[in-house]
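The values are calculated or read from the model by the stated rules, or taken from the named source; none is laboratory data. The structure presented is a predicted model; accordingly, all values stated were derived computationally and were not measured. Glycine gets a Cβ as well: all are built from the backbone with ideal geometry, and neighbour counts include every protein chain shown.
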Amino acid sequence: LVRRSESKPPLKAPPAPVDAEAATLQKVCECGADLRECRTAEEVERHRQSLRHRRNMRAAEGGVVVCEDVAEYRAAAQQLVGHGDHVLEIGCHEGGTTALLAGRVAGEGRLVAVDR
């Protein structure tokens, strides 16, 4: 996902969960990673210390979110894309997620999806 919006500031990371229960309830990390497999606060913290998390957070500062699979990508799209956003979807395949994104950017937003 490439996120650009004239009306919204760049993505900022929300504060980390403060307890194990809050950590296990979080489904998508602020970097876009799927956290459904993390069962404890320690596993969430291990993710936050990982190279993948740091790489995604640097990319997110510029409006880019990198996901490793479709479920993670769709979860990140639902959390991070909103009304009025400008989205470039590269590798849209048949457009299943493209339809989801179109509903999210609605009205003033713009969506461009590209595949081969």
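For the range 92-114, the set of residues classified as of a type outside the set (A, V, I, L, M) and either touching a strand residue (DSSP E or B) at 6+ places or on another chain (Cβ under 8 Å) or closer than 15 Å to Q79 by Cα (or both) consists of C92, G95, T97, T98, G103, R104, G109, R110, listed by residue number.
Within the range 1-108, considering only helices (runs of 4 or more DSSP H) that don't extend past its boundaries, which have at least 1 residues that are at pLDDT 75 or above and either within 16 Å of the chain's Cα centre (by Cα) or surrounded by 15 or more Cβ atoms within 10 Å (Cβ to Cβ) (or both)? Give the steps one after another, and end with the answer.
On the way: elements: 20-25, 41-48, 51-61, 70-80, 96-105.
Qualifying helices (runs of 4 or more DSSP H): 41-48, 51-61, 70-80, 96-105.
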